[in-house]
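What follows is a short report on a single structure.
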Amino acid sequence: MSHPLPRARQLSHPGVLSARLFAAAMLFGGLSTAAAAADLPTKAPQPPAYSWSGCYVGINGGAGASASNFDTNVGAGSYLTGTDPGTVDADGSGSANDTRAIGGGQLGCNWQTNTVVFGLEGDFDYFRSNANFTNNTDTLAAMTPFAVGQSLTTNYLATVRPRLGIAAGRNFAYITGGVAFTDASYTETYSDAAGGIGSATASKFLTGWTAGAGWEYAWTDHWTIKFEYLFAGFPTTSASGAITGPGATSNPLSGSGNLVIQTARAGMNFKF
């Protein structure tokens, strides 16, 4: 006896089919996402922020201006009498200035915390200035022409200064102030048409103060350029001497000059 052929197996349950379709879709989506991510460009790592911490050495150059206020005092004596000492005092007092090139080198160290930078710098510059004046336009009471002059000469300028400022990447703006050093050679001279002549001289090592501001830029990791202004003030330099005339006559002579120096300099540093 023949048996009927079995009926074709029915399709799977709808829930099973849905699960299989979902798994296939998830697999396709994951492969597509991976392929798309592989096509995205790789982001380059950011370079580290520039740090001003470290020590440096460099050179600088620019212009410097010295200025002095001079005073003259002629004491009572046997050569200049009456109103003559006062006349010489007035004509021998005045002011003068001199502008010269300045150049030298510096070294220092910086320490940076966040955007605040603290540093200490020392520099030494050649600065040959000679502020001087001469007055020869007046006469003594007896209509005798006379000339009186004063000068104050320097040879260098050196400073030791803290620096404090704010860094913005490779830019650094700062204020600075500290101690300044120089030497001063002071000279006062007198002469007149009646044969009177006199002088007073002194040389001193001077310690003063300085303050200023500047801006520095790091154009590579090791090389920086800077622009800086400084004002320096120094104590008065005084000297004593005498005016002598014919017949062993004389008067005491003294004078003095103070000193201020202003500089505008550009510099280049190598940072270790």
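The values are calculated or read from the model by the stated rules, or taken from the named source; none is laboratory data. Quick caveat, the model's predicted, so the values are computed rather than measured. All Cβ positions, even for glycine, are placed from backbone atoms using ideal geometry, and neighbour counts span all protein chains on display.
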Counted residues, region 151-195 - those being over 30 Å from residue 54 (Cβ atoms), in contact (Cβ under 8 Å) with a residue 60 or more places away in the chain and in contact with a Lys or Arg (Cβ under 9 Å, 6 or more places away or on another chain): 3
Any idea how many residues of region 216-237 are in contact with a Lys or Arg (Cβ under 9 Å, 6 or more places away or on another chain), more than 18 Å from residue 178 (Cβ to Cβ) and in a strand (DSSP E or B)? 6
Please list, ordered by first then second residue, the pairs with beta carbon atoms under 9 Å, 6 or more apart or interchain, first in region 235-259 and over 16 Å from residue 148 (Cα atoms) and without any contact (Cβ under 8 Å) to a residue 24 or more places away in the chain, second among the charged types (D, E, K, R) and assigned to a strand (DSSP E or B). 236/71
Could you grab me the full set of residues in region 106-147 that are in contact with a Leu (Cβ under 9 Å, 6 or more places away or on another chain) and among the β-branched types (Val, Ile, Thr)? 116, 117
Can you pull out the residues in region 25-67 that are surrounded by 10 or more Cβ atoms within 10 Å (Cβ to Cβ), modelled with pLDDT of 60 or more, farther than 21 Å from residue 118 by Cβ and among the hydrophobic types (A, V, I, L, M, F, W, C)? 59, 63, 65, 67
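Which one of 208, 233, 178 is surrounded by fewer than 16 Cβ atoms within 10 Å (Cβ to Cβ) and under 20 Å from the mean Cα position of the chain (by Cα)? Break it down stepwise before answering.
Numbers: 208 fails: surrounded by fewer than 16 Cβ atoms within 10 Å (Cβ to Cβ); 178 fails: surrounded by fewer than 16 Cβ atoms within 10 Å (Cβ to Cβ).
Of the residues listed, the single one that is surrounded by fewer than 16 Cβ atoms within 10 Å (Cβ to Cβ) and under 20 Å from the mean Cα position of the chain (by Cα) is 233.
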Which of the residues that make up region 116-139 are crowded, with 20+ Cβ neighbours inside 10 Å and in contact with a helix residue (DSSP H, G or I) (Cβ under 7 Å, 6 or more places away or on another chain)? none
